[in-house]
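Trainee: One structure, pasted below without further comment.
Derivation of every value follows stated rules applied to the coordinates shown; laboratory data play no part. This structure is a prediction, so every number in the text was calculated from the model and none was measured. Neighbour counts run over all protein chains shown; Cβ positions are idealised from the backbone, glycine included.
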2 protein chains.
Amino acid sequence: MKRKACAEAGIKSFDVDLPEQVLESELIGKVHELNALPDVHGILVQLPLPKHINEEKVLSEISLEKDVDGFHPLNIGKLAMKGREPLFLPCTPKGCLELLSRSGISVRGKKAVVVGRSNIVGLPVSLLLLKADATVTVVHSHTQDPESIIRDADIVIAAAGQAMMIKGSWIKPGAAVIDVGTNAVNDPSRKSGYRLVGDVDFQEACKVAGWVTPVPGGVGPMTVAMLLKNTLDGAKRVIEQ
Amino acid sequence: MKRKACAEAGIKSFDVDLPEQVLESELIGKVHELNALPDVHGILVQLPLPKHINEEKVLSEISLEKDVDGFHPLNIGKLAMKGREPLFLPCTPKGCLELLSRSGISVRGKKAVVVGRSNIVGLPVSLLLLKADATVTVVHSHTQDPESIIRDADIVIAAAGQAMMIKGSWIKPGAAVIDVGTNAVNDPSRKSGYRLVGDVDFQEACKVAGWVTPVPGGVGPMTVAMLLKNTLDGAKRVIEQ
């Protein structure tokens, strides 16, 4: 999907396929090569990595100026801190805020609940919402009575990776619901034997929410769009310097 | 207070006093000198800095291994991220968690509300509480009806810098209340003409809360203790390497 989107937008993309047994040092060497190439403006390391490779170490080797995923801890630190700006915002969180903004939903002063606290979505989207002046609560596997907390939210970001855990009755009437979950559930009626569903019961949510994103077709394409935007911004920054 | 505590604990401390008109480059030069001294294990830059100096730039020049305040964005990023550990936790947030732990208050699954979102206290303490599996809500100046949110909390961290804003009626009976605020209010009965109060109405809170820290004498000394602990840990890390 990312390759196709790049091609459509006029961004050249290429894969570097490495065998699963690749040494960590070889993978890092490859990252360094790409860091040094002036025509490369964005580098993605496809996760998860094989178990013998230290993911943290590899990701931290990507040049900050090419970290279009925005996962570098220095980027996350600047994202978290008042008065600091990261070079790149992580794509899915950035896409969530873009969806709200394009739907005319103001964030300031709203109660926002983020379900899940992953480094890739839950955590950074909660930091972004806080920076945008929402009153943010993070709900996770240790939260007691998540239902009552979610039902109080004007904005729900569902990123728990639990198929259809959020029922219609959990949603405040009129709330904006962004469903980041992508879960495969068995479906014998499909040729593949499965279908993709979100963390939200979409059919039920449609009857209650003011806005709700579908899965697939909601957050996913927006994430890809933000990745292209980050890459373009990174290229512009280099050219303007 | 920090100097005295260092002397008592057997940590040598010294000040580098620079004139207010000091050039940013001179200040950074001084930081680099201290970075290079093997006998220096912790560096504090006293904030706020004069307006002509870029605080962010100066702080980011402190060697990560000597950043005992824990304010470096890379430290904050690692504090925020699951599976990552910063070299140093910021002192006041670390002290808040220590106070809870030493009082036998478990954090996991509890509703925690952090009032304030400063880079020094509110933000990092909310990230620490989240890592400790609390369900965390951050309340700030744009929050609507903060009272009802605070009243729902098992743990309240007050770090808004608003004298006695949190009344007894805002507190859930039995809650643990940590008051980080230090506000000077007029008091003609004192020789100095003022006294220090927290963000919590202490007299009222005492009647409702299960635990409440006083101001002064609560979080302040714990912050200093954590600073000494960070410095000791930093020294140990160097010696063990």
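Trainee: For the Cα atoms of chain B, what angle does the longest principal axis make with the long axis of helix B:24-36, in degrees from 0 to 90, nearest 10?
Mentor: 80
Trainee: Starting from the Kirkwood Rh over alpha-carbon pairs, what translational D in µm² s⁻¹ does the stretch B:45-129 have by Stokes-Einstein at 4 °C and 1.567 mPa s?
Mentor: 92
Trainee: Given the Cα-Cα distance of B:R195 and B:H52 and 0.36 nm per residue of separation, how much length would full extension add, in nm?
Mentor: This chain segment gains 48.3 nm when fully extended.
Trainee: Say each of A:K2 and A:K236 gets a label point 7 Å from the Cα, pointing the same way as Cα to Cβ; how far apart are those two points in nm?
Mentor: Simple spin-label model gives 2.1 nm for this pair.
Trainee: Counting other beta carbons within 10 Å of each Cβ, put B:K51, B:K236, A:K167 in order, fewest first.
Mentor: Ascending number of Cβ neighbours within 10 Å: B:K51, B:K236, A:K167.
Trainee: If you don't mind, there's one more thing I want to ask. What is the pair-distance distribution P(r) of the protein assembly as shown, computed from all Cα-Cα distances in 20 Å bins starting at 0, with each bin given as a whole percent?
Mentor: Per 20 Å bin, starting at zero, the Cα-Cα P(r) for the protein assembly as shown comes out as 21, 52, 25, 2, 0 percent.
Trainee: Using alpha-carbon pairs under 8 Å, 6+ residues apart, how would you state the relative contact order of chain A in percent?
Mentor: Once divided by the residue count of chain A, the mean separation gives 17 percent.
Trainee: Let me ask another. Looking only at Cα atoms, what is the convex hull volume of the stretch A:100-139 per residue, in Å³? Before the final figure, lay out each step's value.
Mentor: Working: hull volume 2.4 nm³, N = 40.
Taking only Cα atoms, the stretch A:100-139 has a hull volume of 59 Å³ per residue.
Trainee: Efficiency by 1/(1 + (r/R0)^6): what FRET value for A:C206 and A:D145, r their Cβ-Cβ distance, R0 = 22 Å, to the nearest 0.05?
Mentor: My answer for the efficiency is 0.35.
Trainee: What ranking do B:L228, B:L79 get, fewest neighbouring Cβ atoms within 10 angstrom at the top?
Mentor: The most exposed by this proxy come first: B:L228, B:L79.
Trainee: Now for a separate question. For the stretch A:189-241, just the Cα atoms, rotate onto the principal axes and tell me the three extents in Å, largest first.
Mentor: If we take the Cα atoms of the stretch A:189-241, the spans are 53, 33, 12 Å.
Trainee: Further question: Lysines near B:K207 by alpha-carbon distance under 25 Å, same-chain residues fewer than 8 away left out - which ones?
Mentor: B:K110, B:K111, B:K167, B:K172
Trainee: A further question follows. Using a 7 Å offset from Cα along the direction of the beta-carbon, what are the separations from A:D187 to the same position in each other copy, nm, ascending?
Mentor: Its label point is 6.7 nm from the equivalent points in the other copies.
Trainee: How much of the calculated P(r) for chain B lies past 22 Å, in percent of all Cα pairs? Don't skip to the answer; put the middle values down first.
Mentor: Values: 16557 of 28920 pairs.
The share of Cα pairs beyond 22 Å in chain B comes to 57 percent.
Trainee: A follow-up question, please. Let me understand the stretch B:152-196 better: what is its radius of gyration from the alpha carbons, and its Dmax, in angstrom?
Mentor: 13.0, 40
Trainee: So what's the angle, to the nearest 10 degrees on a 0 to 90 scale, between helix B:219-240 and the longest Cα principal axis of chain B?
Mentor: On a 0 to 90 degree scale, this one is about 40.
Trainee: Any number yet on Rg/Rh for the stretch A:73-205, C-alpha, Kirkwood?
Mentor: Using only Cα positions, Rg/Rh for the stretch A:73-205 is 1.00.
Trainee: Across every pair of different alpha-carbon atoms, what Kirkwood hydrodynamic radius in Å does the stretch B:129-229 reach?
Mentor: 14.4
Trainee: Among the lysines, which have Cα under 18 Å from the Cα of B:K66 when same-chain residues fewer than 8 positions away are ignored?
Mentor: Partners found: B:K2, B:K12, B:K30, B:K57, B:K78, B:K94, B:K229, B:K236.
Trainee: Find the Rg to Rh ratio for the stretch B:121-173, where Rh is the Kirkwood radius over alpha-carbon pairs and Rg uses the same atoms.
Mentor: A ratio of 0.94.
Trainee: Just rank A:D179, A:D154, fewest to most, by other beta-carbon atoms within 10 angstrom.
Mentor: A:D154, A:D179
Trainee: Mind listing the label-point distances from B:A36 to the same position on all other copies, shortest first, one decimal in nm, points 7 Å along Cα→Cβ?
Mentor: 2.9
Trainee: Let me ask something additional. Per residue, what volume in Å³ does the convex hull of the Cα atoms of the stretch B:1-92 enclose?
Mentor: Values: hull volume 10.7 nm³, N = 92.
Per-residue hull volume (Cα only) is 116 Å³.
Trainee: Now for a different question. Quick one: in chain B, whose Cβ comes closest to the B/A rotation axis, and how close in angstrom?
Mentor: Nearest Cβ to the rotation axis, residue and whole-Å distance: B:G77, 1.
Trainee: In whole angstrom, how far apart do the alpha carbon centroids of the stretch B:65-106 and the stretch A:172-241 sit?
Mentor: 33
Trainee: For A:E55, which inter-copy label distances result when the label point lies 7 Å beyond Cα on the Cα-to-Cβ vector, reported in nm to one decimal and in ascending order?
Mentor: 3.4
Trainee: Rounded to two decimals, what ratio of Rg to Rh does the stretch B:64-107 give with C-alpha atoms and a Kirkwood Rh? Provide the component values of the computation, followed by the final result.
Mentor: Values: Rg = 11.5 Å, Rh = 11.2 Å.
Computed over Cα atoms, the ratio is 1.03.
Trainee: Please give the calculated 222 nm ellipticity per residue for the protein assembly as shown, where each DSSP H segment of at least 4 residues contributes -39500 (n - 2.57) and the sum is spread over every residue; nearest 500 deg cm²/dmol?
Mentor: Estimated from H runs of four or more residues: -11000 deg cm²/dmol.
Trainee: Contact order normalised by length for the stretch B:48-182, with contacts defined as Cα pairs under 8 Å and 6 or more residues apart; what percent is it? Write down the numbers at each step before the final one.
Mentor: On the way: 209 pairs, mean separation 25.9, N = 135.
After rounding, I find 19 percent.
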